[in-house]
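A quick write-up on the structure given underneath.
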Amino acid sequence: MAVTVVGSVAFDALETPFGRRDRILGGAATHFALGASFFTDVRVVGVVGDDFGAEEFAVFQSRGINVDDVERIAGEKSFFWAGRYDNDMQVAHTLDTQLNVFAGFDPVLSSRARGSRVTFLANIQPDLQRRVREQCTGAVVTGLDSMNYWIESARDSLLETIGCVDVVSLNDTEVRMLTGQPNLARAARQICALGPRVLVVKQGSYGACMFTQSGFFFVPGYPLETVVDPTGAGDSFAGGFFGYLDAHLDERELTDEMLRRAAVYGSVIASFAIEAFGSERLQRLTLPEIEGRFSEFKQMTHFEAQPLLVRATED
Ligand code: AMP
């Protein structure tokens, strides 16, 4: 039982209306791994430079995350991303991207990573995602995330990669951009026709909706009064989602009930992630907090059906 995530492990510089951080631990694989670590064993496949030190590795170790497949390249720098959020806190404006060691990233997975039951291909070049997917011979469930940059610059490759995974996780703007279809239900049908069994459409603070072969589910965003930094919300959602699936995949079947609980845990984890900068909140998150908020989601989304009082009509 383990989840393998392949993606960026980085330093981020972040600016939001609540403050700034010039250099903190970031990266899609980092946010995913921290989120998933509450549910199952996690292995990270990535690359860092020698600026990535004991302090950064300690964050992974403190959550029991395996970093044997994170290559550390001497004399080079880690991936660096700088982003800014304005008052709406919905859109990440990229200020700077320095690929550094990530430019030559083309991992050969260890046998342990290949054997994971669940593999998540975080936001990286789609050809690379496909090369990793081909190595994951033990995977029962595979998922991917992507971004506008790849939709615009490598659309055909991304479409091909989507055909090789079970679960696609994109935000609503990306879904519309990828399909050219403004209607989400139709866009979802187009994406699932390529092969995936599940499409998760992230909708920022509104939550996420999920299209499966047999149905539709919607999970709201938690109504937080203060959102400090949305960075990593999507990746930590995916961490909660795939971490939960891995821990509960006894029958090797993805049932709608299991997928719904996974989506709620995804939204729970993402709601904590955005309460502080970068991964700071996930680093001190506890299981009782997760279970408490999961119960709140259940209560928040529950309603009783009652017979409809029909207006009397004259004949
Ligand atoms: P999210 O907010 O979930 O979309 O992801 C935020 C994380 O993605 C940040 O911590 C960044 O380090 C990382 N990131 C930003 N741009 C890229 C990119 N082009 N490729 C891979 N990772 C990226």
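The values are calculated or read from the model by the stated rules, or taken from the named source; none is laboratory data. Keep in mind that this is a model prediction, so the values were computed, not measured. Positions of Cβ are backbone-derived with ideal geometry, glycine not excepted, and every protein chain shown enters the neighbour counts. Heads up: the accessible areas ignore ligands, DNA and RNA and are worked out on the full protein's heavy atoms, side chains in. Shrake-Rupley method; radii C 1.70, N 1.55, O 1.52, S 1.80 Å.
Given a 1.4 angstrom probe, I'd like the percentage of the accessible area of the range 163-274 that is carbon and sulfur, rounded to a whole number. The computed percentage sits at 48.
Note on exposure: D68, D41, D166 ranked by accessible area (1.4 Å probe, complete protein assembly) read D68, D41, D166, with the most exposed listed first. When the Cα atoms of the range 239-315 are aligned to their principal axes, the ranges along those axes come out at 66, 35, 19 Å in descending order.
Computed over the range 35-122, the Cα gyration tensor eigenvalues convert (square root of 5λ each) into semi-axes of 24, 19, 14 Å, ordered from largest to smallest.
Pairwise Cα separations in the range 162-315 fall into 10 Å bins from 0 onward with the following percentages, short to long: 10, 37, 31, 15, 5, 2, 0. Residue by residue, the range 148-161 carries 3J(HN,Hα) couplings of 3, 4, 6, 5, 7, 9, 9, 4, 5, 5, 5, 4, 5, 5 Hz when phi is fed to the Karplus relation 6.51 cos²θ - 1.76 cosθ + 1.60 (θ = phi - 60°); x denotes Gly or Pro. Largest first, the three principal axis extents of the alpha carbons in the range 40-193 are 47, 41, 27 Å in whole numbers. Rolling a 1.4 Å probe across the protein heavy atoms gives the chain an accessible surface of 47 Å² per residue. Heavy-atom accessible area of T119 with all protein chains present, probe 1.4 Å, nearest 10 Å²? Solvent-accessible area, nearest 10 Å²: 0 Å².
Ranking of H31, H302, H93 by solvent-accessible surface, largest first: H302, H93, H31 (1.4 Å probe, protein heavy atoms only, all chains present). For the range 117-211, relative contact order (Cα pairs under 8 Å, six or more residues apart, normalised by length) works out to 24 percent.
Between R114 and R155, the simple spin-label model (points 7 angstrom out along Cα→Cβ) gives 3.6 nm. Taking the chain as a Gaussian network, where each spring joins two C-alpha atoms under 10 Å apart, which residue of A276, A208, A54 fluctuates the most? Highest fluctuation of the listed residues: A54. In sequence order, the range 267-280 has phi-based couplings of 5, 4, 5, 4, 5, 6, 3, 8, 6, 8, 5, x, 9, 4 Hz under the Karplus curve 6.51 cos²θ - 1.76 cosθ + 1.60, θ = phi - 60°, and Gly or Pro positions carry x. Rounded to the nearest whole Hz, the Karplus-based 3J(HN,Hα) values (6.51 cos²θ - 1.76 cosθ + 1.60, θ = phi - 60°) of the range 134-140 follow the sequence 5, 7, 7, 6, x, 6, 9, with x at glycine and proline. At q = 0.14, 0.17, 0.32 Å⁻¹, what is the log10 ratio I(q)/I(0) for the range 22-75, with the Debye formula run over Cα points and no solvent? With no solvent term, the Cα-only Debye profile gives -0.34, -0.49, -1.53.
What number results when the radius of gyration of the chain, computed over Cα atoms, is divided by 2.2 N^0.38 Å?
Dividing the Cα Rg of the chain by 2.2 N^0.38 Å gives 0.99.
Largest first, the residues L109, L287 sort by 1.4 Å accessible area into L287, L109.
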